[in-house]
Each structure stands twice: as structure tokens, then as C-alpha cells.
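Note sheet for the following structure.
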């Protein structure tokens, strides 16, 4: 089990952090998705192909590296379809048709994944082509993604399909999201042309999504804690820095403890995804059950400790708070992860 | 020898030499001393300590490897824990060569038992407020006062004693560290029963106990910096033992509770999941700290987070387990009732949870310190302990 970063992983972190600091600083995230940033993230840094196997044009890196990157995109509250495309890449790695994977690795397309329920029906399945119908109530980055990857029901079992979201028969409606930094869309498909990717993916896709999301959550909570710690060193009340009061300091210490544990769990879960598939179901459920909650609690307390300014629209605190809540419920209500954990423990 | 071989050899040695759990009659330290001598002779005592003073001069990697193997055994090392974890490392770091030559090897070989004498009835979290006096007497010192919470003092040959040597300067600047002979007739050791009914602690009275100046550790009035060294070692030795095998014999662990509870009840199941989440989170944090240490990154004050989390976990799980087990847990010396009585100990000993949070805030997050009213005032003018 490997819980500490290698020299190369620390360099990767520094590179992504420096890039995002310059290309997507916090004041910019309210402007939403910037395709230019996504293009450079995929092109210059090659991050869209990070976990794509080398034979399909990617870097062939593992979840340990992916976690390092998602922690940084999370800390930056990066808008746009990077997480959604990562989700799609995780699912695409398990289907026979790898063409889309190459397109993602080369940064030609952004994608998203419908999950976890099966809401589409596929008709006229013939070889690689089909038409699909159905409504997806909430698709992550559905307005920004070019391609939707989804399971679909046929008369003969479940298959995986890909749909061009700008194509005919597709109606996309942007949803008003609590999270101001990353969008979701309602996607209606009415006989839309789809590409058949193969049979339904098994093999722990859901677990890998859980690990990837936990890495983003780790970044969100780290950035939130950093922000309030910095503020506690400059904000003065009653003639003292607020960080000198135990009422503040002790809460920050508890938040730090959560962060230390969350990082340990994310490193463990990423290691399990790479090296120990037998441990992955439990590690992934643990990652969502612990990190999802811890991230929201830290984001909440970071907002509260800012005082009144943290409740204002212009302050960034609510951006973290809202991203943290949105992430906590992104893969379903959190009890789902606790139930899976109970199951994997044989309880 | 590579680490895998080292570990294999250590395991074989432990299998062959660890005494059985049967409690022998007579002196409880005899078996411990016998085992410790064997441990030393086999090269497993003081693994990272300097060779010159009797250690093995190896790295943290070997120590961790041995510790990992040792978690599978119950080693009778309790009476040496203060010497090995706190007072010994302090002498190695801060003692004179004469002191190291005199004390370190007998400690590592289990020939002498040590205790640590810092806390007093009026000086717990604020240990620098202590009132035990050491007064110059010719070439040496005479000590009078009272200490408390002293583990293994009833068996100890030597104590590491922090005493006040100057009351006319601020409190941190008038302390000096000494090695005191616990067998001197002026030393009275009285057992102190804690809330679990055990007497693991003692209170100690010093009535004009002489100490030669050669047993002074560090400079006169520089005892606080020596004490900080000791306390750092204390937190490390507590947090190093955390989480690895620590749940093994715990009646309130998930593994133990699932055997006695109805886990078909979804409410029970969810509580056990919560306990599992917290236990795993801390265990993984400790493993990460251990890996960092092996990679040469010293955890320092971050060890306080591990200690705080362990204390919180003990409180949480004993409370949860008794709620799950119901009325049976609070009668007839039930193991979970006993766990509930033990639980507050970890949150108080070795620094309270509040002190741990101060340390994390001040030294990990670098938050501004609390304003201090006692920092520049001469000790004799402070309101501390019995001094008004």
C-alpha cells in the first residue's frame, strides 16, 4: 500500500497547480466554462488522456496520478467538463470500442457519463449503430460535453452507447445548479443516433468514479481550509487575530484532522484502484462515505468562520460550500455509499 | 540484511521468545526484565538508538518493521515504556556523555526502570507552572515537592524530574531537569486509583531528596527546553502505536461488536459502518505518517492530530458500543462498561484534547498564538498551584 506521493507525482501536482493558478484563478470561476482552459489542460498538459492507455493515445497513468490532478482541479473549483470527461474515460476503458477514448486523450472531444440508473432505451440496434430514446434528468456538464456515454436497454440486455449531444433528436436544457462553478443539464433523447460501444460495463466503474470524485473533494476541502486559515491570520476582532481564539483555532484543528484522514483515504483508494482490485469496492465506498461528508463539513465550517462576509454573494466561501454539497450527492444519496460499505464488510 | 529478511528474522525471534500470557506469581517486573535482557541481546532493543550508547544504530525502517511484527504479540514491556519512549531518548538527545554511558545501556537491557516526573496537582496542561523546588546544597541539590500521574513509579529505579530552581524569573526560565534516585528514602510513592478502578498511576512526594549535580540534565534553568524534547518523544511514542494493531483486543471494535450484536438490524449496521469509517480513517492516517517517516519526513506536530483522533475514537466507540449493547453493558464488570471507564484516559494523558488542538493550530497551521499574561512575570508573582 502506498500512501505518500512520489517525486514525479509531486512534480505533476506542482505543474497542474501552477497552470490552474494562472489559467483559472478563483476570481474567474464564476464566468463558467472556458473551452480555452480545457483545450490547454488536454493539450499542453495532456491531462484528458492521463489515465487512457498508451495504445489509445493516452499517458497510461494510474489513479494515483489522476487523484493528484483531480485534487488540484477541485481546489481550483475548475468549471467545465474535466471531471465529466474523466468519468466517461473510466467507463470507456471497459468497452471494446476505444475510438472515443482516443478522441478524449487527444483533447478533440469532451464527454460525460450517464449514471447510475439506466434511463435510455435503444432501438434499431444494428452493428455499431442504434437509435436511443429517453430522458436523463441530470447530466454532469451536459451543456459543455460533446458526447454522452450511457447504458441503454435493448430487447436483449443492456449495452453501452455514445450519443453526439449536438446531433439531431437531442434536446439539452441547462439546469439552474446550486454549484455556480459547474453545470448540469437535462438531456432528452428522441430517436437520437447512437454508436454502440459494446455490452454494459462491469468491472468496478462505479468504484472508480467514487475514487475520482473523492480526489476532487479532497482538493475542495484543502482549498477551503487553506482559505480560512489564511483569513484567521489577518482578520482582527477585539484587538486580536481571530486565529488566536480557541473558539476558532480548535475548530480549524479539527478541520485539519479531517483533511489528514481524507488524504490518507484518497491515497489508499487510488492505490487500491491501481494495484489491489479486491480491496477497491470497500476502499471506494469508504472514500465517498468519509471524504464526501468531511469535505462538506470543512467547506461549511470554513464559510461560518469567515463570519458575515462569508455569507455574501461576492465572497468565494459559498462557491466551496455549494460545490462540496453538489459533490457529496453527485453519485447518489450518501447512504448508498454507507450501504455498499456495510455490504462489503459483510454486515 | 535487507528489510524483508530483517522482518522475517524478527518474527522468528518473537515466535521463539515471547513469553506466554500466563501471569507468573511474585515480582511482576521479573519476567519483564528477563524478556528485556533477551530482547537487548538479540539486538531488538534501542533499534534506532546510537551504537555508542548501547543502541543498534539502525533506521526507522527497521524499527517500524520490528514494531509491525511485534503487533502480533503481547510483549511484557509496559514497565519500560516510559524509559524507552521518553526518558531514554531525552538522555540520548540532551544528556552528558557520562549520563549516557551510565544510564542508557541498563535501560535498554531492562536492568533499570524509569519514570517521568513532570506533572503536579497544580500543573497539568500548564506543566511549566510546577512548584517542586530544587535548591542548591553545596555541590548538589535538595528537592522537595509533589508529583502526580506518574506511571510505573512503584517499580522505578530512576526518575526524570523537572523542578523549579529559580522563582525570580518567568516560569519557563526557572526550571531545571534532573535524574533522581527513586530508591532514596526521601521519596514516597503512593498508588493513585483512576476512574476505572486500576492504580496505574502514582503520586510521589519528595522530602529533602539530594541529587548530585552530575545528575542535572542540560543547563541550570534550561529545563523547559529539555522537557519539550521529552514531550515530543512522548507524543511520537503514543501516536506510533496508534491504529496499527490497536483495535485487536478492543471489545468495542467493529470486529468484536459484530459478533455480539444483531447486525440484521439496519440501525445497528449503520452505527457499525460509522465506527468502521472512523477507525479506518485514523488507521490509514497513521499508516501514512509511518510511510512518511520511513521516507525521511518527520511528522513532528502532526503526530498531535493522530493522538487527538485516537482519543476521540476511544470516546466515540466506547460510548457507541455501550449504547448498542444496552443495559447488560453497565453491570457485572462488562468489558464495554470497562472500556467506557478507560476511554477518557487517552483524551487526558499525554496532553488533553484541548492542548492537542492548540498544538495543531499553533505548530501545524501556524495560527497566531493566544496572548499570554504569564510570560514575562517572575514565577513568584504568579497565581499558580498553591501559590496565591
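When A:236, B:260, A:220 are ordered from fewest to most other Cβ atoms inside 10 Å of their Cβ, what list results? Numbers along the way, then the final one.
Details: A:236 10, B:260 14, A:220 27.
By the 10 Å Cβ count, ascending, the order reads A:236, B:260, A:220.
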*asked:* Compute the distance from the alpha-carbon center of the range B:42-92 to that of the range B:247-306, in whole Å.
replied: 25 Å
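For chain A, what does the helix formula give at 222 nm: sum of -39500 (n - 2.57) over DSSP H segments with n ≥ 4, over the residue count, nearest 500 deg cm²/dmol? Could you put the intermediate results ahead of the total?
Working: 11 runs with 158 residues, N = 347.
Result for chain A, helices only: -15000 deg cm²/dmol.
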*Give the calculated FRET efficiency between residue A:237 and residue A:30 to the nearest 0.05, with a Förster radius of 30 Å applied to their Cβ-Cβ distance.*
0.60
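Tell me the volume per residue, in Å³, of the convex hull enclosing the alpha carbons of the range B:115-221.
Numbers: hull volume 9.5 nm³, N = 107.
Output value, Cα hull per residue: 89 Å³.
Would you kindly calculate the translational diffusion coefficient of the range B:3-112, applying Stokes-Einstein with the Kirkwood radius from alpha carbon pairs, for 4 °C and a viscosity of 1.567 mPa s, and quote it in µm² s⁻¹ without decimals? Walk me through the numbers before you get to the answer.
Numbers: Rh = 14.4 Å.
Result for D is 90 µm²/s.
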*Calculate the length of the line joining the C-alpha centroid of the range B:186-228 to that of the range B:344-388, in whole Å.*
20 Å
*Tell me, what is the Rg over Rh of the range A:205-344, with Rh the Kirkwood radius over Cα pairs?*
1.05
*What residues of the range B:74-105 lie in the reach of a label at residue B:20, counting those whose backbone N is under 18 Å from a point 7 Å from the Cα along Cα→Cβ?*
B:74-76
*Separation of the range A:140-191 and the range A:271-322 by C-alpha centroid, Å?*
26 Å
_Show log10 I(q)/I(0) for the range A:82-127 at q = 0.17, 0.23, 0.31 Å⁻¹, two decimals, from a solvent-free Debye sum over equal Cα scatterers._
-0.57, -0.90, -1.11
*Return B:184, A:337 ranked ascending by Cβ neighbour count within 10 Å, so the fewest neighbours appear first.*
B:184, A:337
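Would you work out the Kirkwood radius for the range B:292-388? I mean one over the mean of 1/r across all pairs of different Cα atoms, in Å. Don't skip to the answer; put the middle values down first.
Working: mean 1/r = 0.0602 Å⁻¹.
Roughly 16.6 Å, rounded to one decimal.
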*Return the average number of partner chain Cβ atoms within 10 angstrom of each residue Cβ along peptide B:286-296.*
4
*Please report, to two decimal places, log10 I(q)/I(0) for the protein assembly as shown at q = 0.08 Å⁻¹ as given by the Debye formula with identical point scatterers on the Cα atoms and no solvent.*
-0.75
_Compute for the range A:7-105: radius of gyration divided by Kirkwood radius, i.e. Rg/Rh, restricted to C-alpha atoms, rounded to two decimals._
0.96
*What does the average come to when, for each residue of peptide B:357-363, you count the partner chain Cβ atoms lying within 10 Å of its Cβ?*
6
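Would you mind giving the three semi-axes, in whole Å and largest first, of the ellipsoid equivalent to the range A:111-199 according to its Cα gyration tensor? Let's see the in-between values first.
On the way: eigenvalues 105, 29, 22 Å².
Sorted largest first and rounded, they come to 23, 12, 10 Å.
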*When only C-alpha pairs under 8 Å and at least 6 residues apart count, what is the relative contact order of chain B, in percent?*
14 percent
*asked:* Per residue, how big is the convex hull of chain B when only Cα atoms are used? Give it in Å³.
replied: 165 Å³
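Using only alpha carbon positions, build the gyration tensor of the range B:80-148, then give the equivalent ellipsoid semi-axes as the square roots of 5 times its eigenvalues, largest first, whole angstrom.
Numbers: eigenvalues 115, 60, 22 Å².
One finds semi-axes of 24, 17, 10 Å for the range B:80-148.
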_Suppose each label sits 7 Å from its Cα in the direction of the beta carbon; what would the residue B:363-residue B:301 distance come out to in nanometres?_
0.7 nm
_For A:257, A:295, order by how many other beta-carbon atoms lie within 10 Å, fewest first_ = A:257, A:295
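Give, in whole angstrom and from largest to smallest, the semi-axes √(5λ) of the equivalent ellipsoid of chain A, with λ running over the eigenvalues of the Cα gyration tensor. Don't skip to the end; give the middle numbers.
Numbers: eigenvalues 247, 92, 74 Å².
Over the Cα atoms of chain A, the semi-axes work out to 35, 21, 19 Å.
Over its Cα atoms, what ratio of radius of gyration to 2.2 N^0.38 Å does the range B:254-301 give? Could the numbers behind the result be given before it?
Numbers: Rg = 15.8 Å, N = 48, 2.2 N^0.38 = 9.6 Å.
Cα Rg divided by the expected 2.2 N^0.38 Å: 1.65.
Apply 1/(1 + (r/R0)^6) to the Cβ-Cβ distance of residue A:129 and residue B:12, taking R0 = 60 Å, and write down the FRET efficiency to the nearest 0.05.
Numbers: r = 65 Å, r/R0 = 1.08.
Step by step, r from the Cβ atoms, then E = 0.40.
Read-outs: derived from the displayed coordinates by stated rules, not from any lab. Note that the structure is a prediction, hence the values are computed from the model and not measured. In this analysis, Cβ positions are derived from the backbone assuming ideal geometry, glycine residues included, and neighbour counts consider all displayed protein chains.
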